[in-house]
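Please treat every number below as a calculation from the coordinates, not as lab data. Everything quoted here is computed from the prediction, not taken from an experiment. Positions of Cβ are generated from backbone atoms using ideal geometry, with glycine treated the same way; all protein chains shown enter the neighbour counts.
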Amino acid sequence: MDRWADNAGFTSHFGLTIELLRPEIYMSEADVSQRFESKRTRGLGALLTLAGQIMAQPKPDDIEHEIRMADFALIGELVARHLRFEPGWFTATYKEMLEAAAAENAEGDHVFTFLERFLVKQFSSFTDVRIGLDCRIKASDLQQDMAGMVRTGELVINLQDVPRNGRAMSTRVFRLQKQLKGLGIFCEKMSSDRSWRFEIDDQRFVDSIIGKKEAEEAYYASLPY
């Protein structure tokens, strides 16, 4: 319709009328439940038949395994291929859903907000900001820095929302690894000293740092003193 609507000749000679037809009968909730129950056995049998057909197939080598709930993703991908969807369609759709859910959760996470601001400030102190640049910091120091931001008003949240100690902070950072990856930051916990290592692994984060520096330089250059 969008292609047709953009055609002036079409819209000038034709019109479109949509009429809602009322259903002849309405089904009550009890009737719907009864119909569902009457078909439950056949539906379950169809699902089991499909599952049997899928499990009998050899597992392709091109299916991604490094994904949350890998067994579920594997079965979903095999079912989608059996139903003649393009290979990789289910996996890609599932990953998009996971990323959207992670991003939505991160928006309301105070620790994520703190880490984003902290890492921007931390990497801005380097003269050569680039992919591969990293820094290390203990979880206990992160906890103290977050509490300091709250006390100074840089992070406007309740002080009780700050993780109580380094162990609690470390747990939160671990859960936010995927969201940080979305910012362009790879992070891992070091086994040697139990610190967290944050590394820039995407040009988007580099560009955000450079843009911040340029904006600050332009601001200070505009001051009369």
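Structure summary
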{"read-out": "For the chain: relative contact order, % (alpha-carbon pairs under 8 angstrom, 6 or more apart)", "value": "15"}
{"read-out": "Crossing angle, helix 70-82 versus the chain [Cα axis fit, 0-90 degrees, rounded to tens]", "value": "40"}
{"read-out": "Simple label model, 7 Å out from Cα along Cβ direction - Leu47 to Ile157, nm", "value": "3.9"}
{"read-out": "Inter-label distance for Met55 and Asp109, nm, one decimal - labels placed 7 Å from Cα along Cα-to-Cβ", "value": "3.5"}
{"read-out": "Rg/Rh (Cα only; Kirkwood hydrodynamic radius) as it applies to the chain", "value": "1.15"}
{"read-out": "Estimated 222 nm signal from helices in the chain, with DSSP H stretches of n ≥ 4 weighted -39500 (n - 2.57), rounded to 500", "value": "-19500 deg cm²/dmol"}
{"read-out": "Set of lysines near Lys121 by C-alpha distance (under 19 Å), chain-local residues within fewer than 8 positions excluded", "value": "Lys138, Lys181, Lys212, Lys213"}
{"read-out": "Proximal aspartates and glutamates relative to Lys178, as straight alpha-carbon distance under 15 Å, when same-chain residues fewer than 8 apart are discounted", "value": "Glu66, Glu96, Glu99, Glu104, Glu107, Asp109, Glu116, Glu188, Glu199, Asp201, Asp202"}
{"read-out": "Whole-angstrom Cα spans of segment 109-222 along principal axes, big to small", "value": "42, 31, 22"}
